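The values are calculated or read from the model by the stated rules, or taken from the named source; none is laboratory data. Every value quoted in this text rests on a predicted model; they were computed, and no experiment measured them. Using ideal geometry, Cβ is built from the backbone for each residue, glycine included, and neighbour counts are taken over all protein chains shown. Heavy atoms of the whole protein, side chains included, go into the accessibility calculation; ligands, DNA and RNA do not. Shrake-Rupley method; radii C 1.70, N 1.55, O 1.52, S 1.80 Å.
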Amino acid sequence: MQNRKPYVRPMQRAWWSENNFFSWYMVRELTIVPLILFTLNLCAGLFALVSSSDAWSNWIYFSSHPVMLLINVLALIGALYHAKTFFSMMPQVMPIKLGEKVVPTGVIVGVQWLLLVLVSLVAIACI
């Protein structure tokens, strides 16, 4: 018996750039980087809040740096992009029926955006 190697299809390093669908998929995956940095900074802020007033002041100073503000803006954009892709996918994954009729995709997506705005406004009002 011969020791044969399985066929492995050659793949270029930038395989995803050949198709627009995959390019946007990679952009979506890259948006996780500022979201992770935002989350780590938020966790550091919570730790500083329970540590001491000096730690809290240092965290406030660190968070007001222009680079951190840019990361926060990128995280917001990334989160909104994730919401857009999730909301547009939802009607395909879980179609909603009322009796025998299927609720139109635009209505489902619109209600999700409306709920996002309402919950955001309630959160802002509670601050």
Between residues in region 8-36 that are within 18 Å of L80 (Cα to Cα) and residues that are open to solvent by less than 80 Å² (accessible area, probe 1.4 Å) and among the β-branched types (V, I, T), which pairs lie under 7 Å by C-beta distance while being six or more apart or on different chains?
R28/T85; P34/I71
Tell me, yes or no, whether region 54-76 has at least one residue that is outside any loop (DSSP other than H, G, I, E, B), loosely packed, with under 10 Cβ neighbours inside 10 Å, within 21 Å of the chain's Cα centre (by Cα) and of a type in the set (V, I, T).
yes
Name the residues in region 85-112 that are open to solvent by 80 Å² or more (accessible area, probe 1.4 Å), in contact with a helix residue (DSSP H, G or I) (Cβ under 9 Å, 6 or more places away or on another chain) and under 30 Å from L37 (Cα atoms), would you?
F86
Restricting to region 118-127, name every residue that is loosely packed, with under 10 Cβ neighbours inside 10 Å, β-branched (V, I, T) and assigned to a helix (DSSP H, G or I).
V122, I124
Restricted to region 1-41 and to residues being among the hydroxyl-bearing types (S, T, Y) and in contact with a Phe, Trp or Tyr (Cβ under 9 Å, 6 or more places away or on another chain), the residue most open to solvent (accessible area, probe 1.4 Å) is Y25
